[in-house]
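Here is the structure we will look at.
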Amino acid sequence: MHLSWQWLLTITSAFSITQAHANSWNMPVGVTDISQDIFGLHMAIFWVCVVIGVIVFGVMFYSLFKYRHSKGAKAANFHEHTSVEVLWTAIPILILIGMAVPATATLKNMYDSSEADLDVMITGQQWRWRYEYLGEDVAFTSNMTTSRAQIRGEEARDEHYLLDVDEPLVLPINRKVRFLMTSDDVIHSWWVPELAVKQDTIPGFINENWVKINEPGIYRGQCAELCGVNHGFMPVVVHAMEEEEFEAWLAERKEAAEQEAMGVDREWEMEDLMARGETVYQTICSSCHQSEGQGAPPAFPALANNNQLISDLDWHMDRIINGVSGAAMPAFRSTLNPVEIAAVVTYTRNAWGNETGDVVQPAAVAERIAQ
C-alpha cells in the first residue's frame, strides 16, 4: 500500500504488535502483508472506539456528578440546537469515512489473486483436506494425526492436540500463491489465522484466495464451518519454507508421484497390499468405520463380518471408487490413487476375520476407474 493513510495503520500496528504478541487475547499480527494490514485496521478502529468511549462516558459521568440534584442543579429547558445537531451528525460521518477508506483498500487487495506464482487447489472432504499443486503433478491428502486414545482421554494430550496432520501444505515464502477452493461433500471453511485466510469451500463452486508469506514457519488452523460429526478433527497445517528448500521438496514429491504411478502396472504381493492398505484404512477410513472395522451404525456400517462386502467384490470396489449417493460415503476415485484403492480393498477383505483371500491388483482398479 502506498496511500497517504498508511501512516495511521503503521503507527497503530507498531504500538500494538508487542502487546499482541504478549497477550493471546488479541488477534494475531500474522506473517503476511495482508494480515498485518488487517491487524493495523483492527487496532486503529479499536483506539478510535476507545477515545470515543472515554469522551462520551467522561462527559456523562462528569455531568452526573457536577450537576446532581443534591447540589440544587436544575435541568436546562431548551428544545433544539442546530449547531450541536450538525456537529453530532458530521463527526460520526467523518469518522466512518476515515475507517472506510483504508478498509476498502485492504479488501480490494485481499481479493486481487491475479499474477500468482503458484496455484494450489484445496478441496474439503469429510474430514480432511486435499491439496493439489496445479501443473506440478503433485497432490496429497492431509489428515489429522491426533490419536483416538488422546481424544478419548486414555493418553495425555500433546502440544498440538487436534492441530497436527500427517501431510502439511508446503508453501514457499516470498511468492504469491493462489488458492482455488472447493468441496467434495458439504461446506467447509479453510482457516489459518496467521495467514489471514478464511475461505469457505462449497460443493460445485470454486472460490479464490491468495497468500504471500513473509516468514518461514509452521502455521496452524482449523475448519471454521460446522461440517459434520468430526468437524473438530479437521485441522489445517501450513509449512512455509525458503524458496530453494521448497523447490527441493517439490522435486522430491514429483519423483515419488512418478514412482507411485509405476506401481500401478506391477504385480503386488498380498502382504505388501495388506501393509499399505492398513495405513490407508487407518488414515482415511477409520474415522467413520472405526479402527477395527466395527463401524458406527446406522450412518457408518460395520466392515468386519459384513456378508455383502465379503461375498461381492464388485459391489465392494464400486462403493469405494464411486461412493454412495445420498449417504456419507464419498467417492475416492480422485482422492486415492489405484495403488491405494487396491490396497485398502484388499485389506478390508482380509482383516478382522473377513479372510476372503482376495488380492486386488492396482491395474484392475485403474481399469475400473477408466470405465
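The values are calculated or read from the model by the stated rules, or taken from the named source; none is laboratory data. Values in this document were obtained by computation on a predicted structure and should not be read as measured data. Cβ: placed from backbone, ideal geometry, glycine included. Neighbour counts: every protein chain shown. Accessible surface is based on the protein model in full, side chains and every heavy atom, while ligands, DNA and RNA are left aside. Shrake-Rupley method; radii C 1.70, N 1.55, O 1.52, S 1.80 Å.
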Within the range 215-258, take every residue that is of a type in the set (D, E, K, R) and more than 22 Å from residue 137 (Cα to Cα) and give me the one that is farthest from the chain's Cα centre (by Cα). 215
What number goes with the only condition from (1) surrounded by 16 or more Cβ atoms within 10 Å (Cβ to Cβ); (2) polar (S, T, N, Q); (3) at pLDDT below 90 that residue 10 does not pass? (1)
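Yes or no, residue by residue, for (1) modelled with pLDDT under 95; (2) within 21 Å of residue 213 (Cβ to Cβ); (3) aliphatic (A, V, I, L, M):
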{"site": "25", "(1), (2), (3)": "yes, no, no"}
{"site": "30", "(1), (2), (3)": "yes, yes, no"}
{"site": "44", "(1), (2), (3)": "yes, no, yes"}
{"site": "49", "(1), (2), (3)": "yes, no, no"}
{"site": "54", "(1), (2), (3)": "no, no, yes"}
{"site": "58", "(1), (2), (3)": "no, no, no"}
{"site": "66", "(1), (2), (3)": "yes, no, no"}
{"site": "71", "(1), (2), (3)": "yes, no, no"}
{"site": "77", "(1), (2), (3)": "yes, no, no"}
Which one of these is in contact (Cβ under 8 Å) with a residue 40 or more places away in the chain and closer than 20 Å to residue 169 by Cα: 232, 277? 232
For residue 156, work out the one condition from (1) buried (at least 17 other Cβ atoms within 10 Å of the Cβ); (2) aliphatic (A, V, I, L, M); (3) in a loop (DSSP other than H, G, I, E, B) it doesn't fulfil. (1)
The one condition in (1) open to solvent by 60 Å² or more (accessible area, probe 1.4 Å); (2) under 25 Å from residue 49 (Cβ atoms) that residue 95 fails to fulfil: (1)
Out of 326, 353, sole residue that is open to solvent by less than 50 Å² (accessible area, probe 1.4 Å) and either basic (Lys, Arg) or at positive phi (or both): 353
Residue 343 vs. criteria in a helix (DSSP H, G or I), touching a residue at least 60 places away in the same chain (Cβ under 8 Å) and surrounded by 15 or more Cβ atoms within 10 Å (Cβ to Cβ): yes
Can you name the number of the only condition in (1) open to solvent by less than 60 Å² (accessible area, probe 1.4 Å); (2) under 25 Å from residue 192 (Cβ atoms); (3) among the aliphatic types (A, V, I, L, M) that residue 302 fails? (2)
Unique match (being surrounded by fewer than 10 Cβ atoms within 10 Å (Cβ to Cβ) and either farther than 29 Å from residue 246 by Cβ or touching a residue at least 60 places away in the same chain (Cβ under 8 Å) (or both)) among 72, 135, 58: 72
Within the range 138-153, the residues that are open to solvent by less than 50 Å² (accessible area, probe 1.4 Å) and part of a helix (DSSP H, G or I) are 149, 150, 151
In the range 21-76, what count of residues is obtained for those that are of a type outside the set (S, T, N, Q) and assigned to a loop (DSSP other than H, G, I, E, B)? 13
With the range 274-327 as the region, which helices (runs of 4 or more DSSP H) entirely inside it contain at least 3 residues that are over 22 Å from residue 125 (Cα atoms) and not hydroxyl-bearing (Ser, Thr, Tyr)? 307-311, 313-322
